[in-house]
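Take a look at the structure below.
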Amino acid sequence: MAFYGARDVNLRFLEDYLNAEVIARGNEMLVRGSEKDVQEADKVIGELLLLVNRNGSISPDDVETAEPVVRLAAALRDGTGPGGCGAV
């Protein structure tokens with residue numbers, strides 16, 4: 001699968017950047033961790049799958065870039081990111 005990369009290098013990068021364990025079995029992935037970590041991993045994986053569908057593959061650089069972008073988007077949505085007001 002183009003998502004995994006050669007010798008699963010993208011999966012290893014993904015686990016390095018997420019606080020969750022990612023287990024690949026064919027075309028399926030299992031993510032283990034806390035509920036919050038699994039939800040974040042799901043969002044990152046979703047963004048990376050969009051890249052695979054658009055570009056045909058992803059690289060470790062794509063994995064490295066996707067995780068902080070998803071965190072920032074979540075923080076902005078929650079109002080805790082840069083320029084956010086936080087809880088009132």
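Each value in this text was obtained by applying a stated rule to the coordinates, not by laboratory testing. Remember, it's a predicted structure, so these values are computed and weren't measured experimentally. Backbone-built Cβ (ideal geometry, glycine too); neighbour counts: all protein chains shown.
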**Item:** 14 Å beta-carbon shell around residue 51, net charge (K/R +1, D/E -1)
**Value:** -3
**Prompt:** Okay, which of the range 1-27 sit inside 13 Å, backbone N to the point 7 Å along the Cα-Cβ direction of residue 54?
**Reply:** none
